[in-house]
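Please read the structure below before turning to the comments.
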Amino acid sequence: MILSPDRIRLGASPTDKEAAIRQAAQLLVDTGSIQPAYADSMLRREGEADTFLGNGIAIPHGQRGDRGMIGQTGIAVLQVPAGVRWNGDDVATLVVAIAAQGDEHIAVLRRLTEVLGEESLARQLATTRDPQDILRALDPDAPLPQGAPAAAAMPAAGGLSAEVEAPAAAGMHARPARAVVTLAKSFQSAITLSHGGKVADARSMIALLQLGAGPAARLTLSASGPDAAAALEAMQAAFTDQLGDNDADPDAPAEAPPPPARADLPMMPGTVAGLPASPGVAVGVLFRFRSETAGFAETAADPAAERGALRAALDATRAELRDVAAEMTARIGAKHAEIFAAHAEFLDDPELVTEAEAAIARGASAPAAWQGAAERRAAALAGVGDALLAARAIDLKDVARRVLRQLVGPGAEAAALPDRAIVVAEDLTPSETANLDPAKVVGMVTSAGGPTAHTAILARAMGIPAVVAAGSGVLELPDGTPAVLDGDRGHLHPHPDDMALAAAEAAMARGKDRAEAAREAAFRPAVTRDGHRVEVAANVRQPEEALAAVAAGAEGTGLVRSEFLFHDRADPPSEDEQFDLYRRLAEGFGGLPVVLRTLDAGGDKPLRFVQHPVEANPFLGLRGLRLSLAEPALFRTQVRAALRAARHGDIKLMLPMVDGLADLRAARDIIERERAALEAPAIEVGIMVEVPSAAVMADQLAEEADFFSIGTNDLTQYTLAVDRLHPTMGARSDALDPGVLRLIDMTVRAAHARGRWVGVCGNMAADAMAAPILLGLGVDELSVSIPNVAALKAQIRALSRAKARKVAALALNCGTAAEVRALPGLLELADVA
Ligand code: PEP
Ligand code: MG
């Protein structure tokens, strides 16, 4: 057992944080989990990171390098009913010491994050006299206990009470709440404040903020205990004095704001503006990437030698692709490496190889024969008018270039990659991106491409700052030009002056620290400075990602792209097969919400086992839900599997590409019939808002859908009429366009008016400049790729909703996306990840 009764100590009263950590660690020493010196490691760790999660829970743990001192993974809980000061104003009442050798403790950690969201439960655990309460609450396999309102959260019985008024300027926001907490702690009596049917312990900042007491709201103050009269009097006086908030700017943070995280890199003359594709700042020199290979002769005299050379090049490319796939798996995960395994298939294509060998027999050189054959086949694939085959044509060109490089060597330029290179290219293929030497490349900028292109996705996964769609001017900048690349804002600054350079270097250093701090705080909820919570979830494609998502701090998944579970298969998966996948997803997320999107095939996501019609505009055709309704057997199978799996977790169904009520009703009808047949419990059924008509009709759709999630990738494509895969129009497809923002605003208002929640699961949610606007527009949940979760949570924690609202209002009234991105308030709010 990782946690057992003998690892729980109730009623402790350590004098300070160090004593608390040592006492908690001792429980692990006594039960044979760790060597005594591991306690020192836990204390050293505190110097590097804040382990306070919130709601009175702290999780001290040792430094990674000291895992050798752990005999056996263990967790111990020290209950400190009176609380022990952790950092700043944070007071810990449950000190959960963790000694982990591997991932065995993740399930308990995940459970802790649930407890964290249940304030009354956390309070109850802080004072319970029964260790079983703590064991049950942290047992990932048991249902989460309901927290009974703790005594302190009941209006202080039998005591004194009085009416008070919240500060007139801005109500009970963070600073006055903090003043109440500080004052309450100086008395022994139990003190509570009640408003709107809610009761808050005056020592709990979160509880006070959750009262939602607006400007001049009436509250009931109660106190009971030995010094109740004095407490009541002091509190009343403090309220009369507006809790120190009389001349305050309501948006001002309670403490001095942290220094800006990023460089102050204004648009200097010569700055090139593109679209942010991968965050971070890089300082380096420009290097124009040319994918050409060295020149070669068209003909050759010895066909046998040429045939041998081609075969050797094919073998060498096969080996190279295996190496690249292995390296990419290690660096960024198997999902991104699959594409290279798929490339290898072309090398065994008999028609392609036969065609090349026939050309060799006719006197062509091996490189000329190979290039000719590959180009003809790629053109044939691209010309069929089928999205799947067109994508394969790009892959074929990519792999053909690899073979050519084996035959004739790289172009002269490619060999000269300098240190700290900011690679400039028209666009990069996946293998070109993956082949870039990470020791030398510090940034990427493409003249074409878009933020949803492969380059952007791989750059993000590799952690290399990138800007796309910067226009053809970047291609004319000479090699060796010193430059700063700002992947957060989408800017390239050639020839930066000393001040800009220094600012960028400082931003890079701070960015590293921030990323580390964000990772450390990944399990803390994303609550803004003024007390507003936003759910941050992860987008996933398969059950295997659940653990990584939760470990990264995700509070569930806001988008399971289920079509990827069926990727590259000749036959549709059976109901049982799908049930197994969905059950594993639900269990992997351990009760956290799993928003399972039904098959979103068609458009840019063709499936082999679906008969996609030949369409001139596949994005405007049989896509998403339309396809599911056209293939009801396929849809029913998926729905049944999901309904069965929903017994194993919190699965919600989400319908993609809904264009109006007719399809929603038809789909709900099928879902309800399958549910009744299975006698399964009802589950929430929501829709993606990614077609403009859905946003416009959101008021009516909200009557019949349980929630909305805005797919900004498609919503942008359809609103601005720009193909999301268009090779040169990427710069036009900016989700911060006021046209898109107004549709989001419309959607959120319509949903909230009917009590529905709204998420955003498109790439926009991970754009540091978009997050404040989405928050300001009232979006309730953001779902992003796993590597972005911790940084987004950190960014939200540093924001104030009041400021976000102001900037969102300004954005809605801007004329263009560029104007939105240039809003000074926005730069400041984005300046925090
Ligand atoms: C979207 O369109 O924004 C979305 C999240 O769905 P996908 O990218 O899978 O089409
Ligand atoms: Mg979509």
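Among the residues of the range 623-637, the one identified as part of a loop (DSSP other than H, G, I, E, B) and away from ligand 1 (no atom under 16 Å from the Cβ) is Glu631. When Arg129 is tested against the conditions (1) modelled with pLDDT under 85; (2) surrounded by fewer than 16 Cβ atoms within 10 Å (Cβ to Cβ); (3) farther than 21 Å from Asp90 by Cα, the lone failure is (1).
Kindly indicate whether any position in the range 528-542 is crowded, with 22+ Cβ neighbours inside 10 Å, assigned to a helix (DSSP H, G or I) and on the phi < 0 side of the Ramachandran plot. Checked against the condition, which is being crowded, with 22+ Cβ neighbours inside 10 Å, assigned to a helix (DSSP H, G or I) and on the phi < 0 side of the Ramachandran plot, the range 528-542 yields no hits at all. Against the list (1) out of contact with any Leu (no Cβ under 7 Å at 6 or more places or on another chain); (2) more than 16 Å from ligand 1 (Cβ to nearest atom), the condition Phe707 fails is (2).
No other residue among Arg524, Arg489, Arg561, Arg529 is within 16 Å of ligand 2 (Cβ to nearest atom), closer than 24 Å to Ala766 by Cα and of a type in the set (Lys, Arg) apart from Arg561. Of the helices (runs of 4 or more DSSP H) lying entirely inside the range 649-723, the ones with 3 or more residues being farther than 18 Å from Ala750 by Cβ and of a type in the set (A, V, I, L, M) are found at 661-678. Taken residue by residue, the range 699-716 has at least one member that is over 30 Å from Arg647 (Cβ atoms), touching a residue at least 12 places away in the same chain (Cβ under 8 Å) and more than 15 Å from ligand 2 (Cβ to nearest atom).
Once the range 374-387 is narrowed to residues that are under 19 Å from Ala601 (Cβ atoms) and buried (at least 16 other Cβ atoms within 10 Å of the Cβ), the residue that is modelled with the highest pLDDT is Asp386. Every test in (1) within 15 Å of ligand 1 (Cβ to nearest atom); (2) in contact (Cβ under 8 Å) with a residue 40 or more places away in the chain; (3) not in a loop (DSSP other than H, G, I, E, B) is passed by Val740 save one, and that test is (2).
The condition of being modelled with pLDDT under 75 and loosely packed, with under 15 Cβ neighbours inside 10 Å holds for only one of Ala148, Ala152, Ala142, that being Ala148. Here Val610 clears all of (1) within 25 Å of Gln700 (Cα to Cα); (2) not in a helix (DSSP H, G or I) except the condition numbered (1).
Considering only residues in the range 770-788 that are of a type in the set (A, V, I, L, M) and closer than 16 Å to Arg742 by Cα, the one that is surrounded by the fewest Cβ atoms within 10 Å (Cβ to Cβ) turns out to be Leu777. Checking the structure you have, find out if any residue of the range 589-599 is within 16 Å of ligand 1 (Cβ to nearest atom), under 21 Å from Ile687 (Cβ atoms) and part of a loop (DSSP other than H, G, I, E, B). Checked against the condition, which is being within 16 Å of ligand 1 (Cβ to nearest atom), under 21 Å from Ile687 (Cβ atoms) and part of a loop (DSSP other than H, G, I, E, B), the range 589-599 yields at least one hit.
The residues in the range 749-772 that are within 16 Å of ligand 1 (Cβ to nearest atom), hydrophobic (A, V, I, L, M, F, W, C) and assigned to a helix (DSSP H, G or I) can be counted, and the count is 5.
With the structure loaded, tell me whether Gly463 is in contact (Cβ under 8 Å) with a residue 12 or more places away in the chain and surrounded by fewer than 19 Cβ atoms within 10 Å (Cβ to Cβ) or whether it fails that test.
On the way: in contact (Cβ under 8 Å) with a residue 12 or more places away in the chain: yes; surrounded by fewer than 19 Cβ atoms within 10 Å (Cβ to Cβ): yes.
It is true that Gly463 is in contact (Cβ under 8 Å) with a residue 12 or more places away in the chain and surrounded by fewer than 19 Cβ atoms within 10 Å (Cβ to Cβ).
Just one residue in the set Ser628, Ser693 is of a type in the set (Ser, Thr, Tyr), within 16 Å of ligand 2 (Cβ to nearest atom) and surrounded by fewer than 20 Cβ atoms within 10 Å (Cβ to Cβ); that residue is Ser693. Looking only at the range 603-619, decide whether some residue is more than 16 Å from ligand 1 (Cβ to nearest atom) and at positive phi. No, that holds for no residue. In this structure, is Gly558 within 13 Å of ligand 1 (Cβ to nearest atom), farther than 30 Å from Glu615 by Cα and either surrounded by 23 or more Cβ atoms within 10 Å (Cβ to Cβ) or not hydrophobic (A, V, I, L, M, F, W, C) (or both)? Answer is yes for this residue. Against the list (1) of a type outside the set (Gly, Ala, Ser); (2) modelled with pLDDT under 75; (3) farther than 20 Å from Ala552 by Cβ, the condition Arg111 fails is (3).
Against the conditions (1) surrounded by fewer than 24 Cβ atoms within 10 Å (Cβ to Cβ); (2) within 16 Å of ligand 2 (Cβ to nearest atom), Ala766 satisfies every one except (1). Would you check if Ala633 is buried (at least 24 other Cβ atoms within 10 Å of the Cβ) and among the aliphatic types (A, V, I, L, M)? No. Checked against (1) surrounded by 16 or more Cβ atoms within 10 Å (Cβ to Cβ); (2) out of contact with any Lys or Arg (no Cβ under 8 Å at 6 or more places or on another chain); (3) within 30 Å of Val442 (Cβ to Cβ); (4) aliphatic (A, V, I, L, M), Met499 passes all but a single condition, namely (1). Taking the criterion of being farther than 19 Å from Glu631 by Cα, within 16 Å of ligand 1 (Cβ to nearest atom) and surrounded by 18 or more Cβ atoms within 10 Å (Cβ to Cβ), would at least one residue in the range 655-673 satisfy it? No, there is no match, as no residue in the range 655-673 is farther than 19 Å from Glu631 by Cα, within 16 Å of ligand 1 (Cβ to nearest atom) and surrounded by 18 or more Cβ atoms within 10 Å (Cβ to Cβ).
Hey, among Val740, Val758, which residue is within 16 Å of ligand 2 (Cβ to nearest atom) and more than 22 Å from Asp488 (Cα to Cα)?
Working: Val740 fails: more than 22 Å from Asp488 (Cα to Cα).
Just one listed residue meets the conditions, Val758.
Out of the residues in the range 714-736 meeting the condition of being under 19 Å from Ala811 (Cα atoms) and surrounded by fewer than 24 Cβ atoms within 10 Å (Cβ to Cβ), tell me which one is nearest to ligand 1 (Cβ to nearest atom). Checking each candidate, the answer is Thr719.
Go through (1) touching a Ser or Thr at 6+ places or on another chain (Cβ under 8 Å); (2) surrounded by fewer than 14 Cβ atoms within 10 Å (Cβ to Cβ); (3) modelled with pLDDT of 90 or more one by one and return the number of the condition Asp302 breaks. Answer for Asp302: the failing condition is (1).
The values are calculated or read from the model by the stated rules, or taken from the named source; none is laboratory data. Because the structure is a prediction, the values reported are computed rather than measured. Note that we place each Cβ from the backbone using ideal geometry, even for glycine, and neighbour counts take in every protein chain shown.
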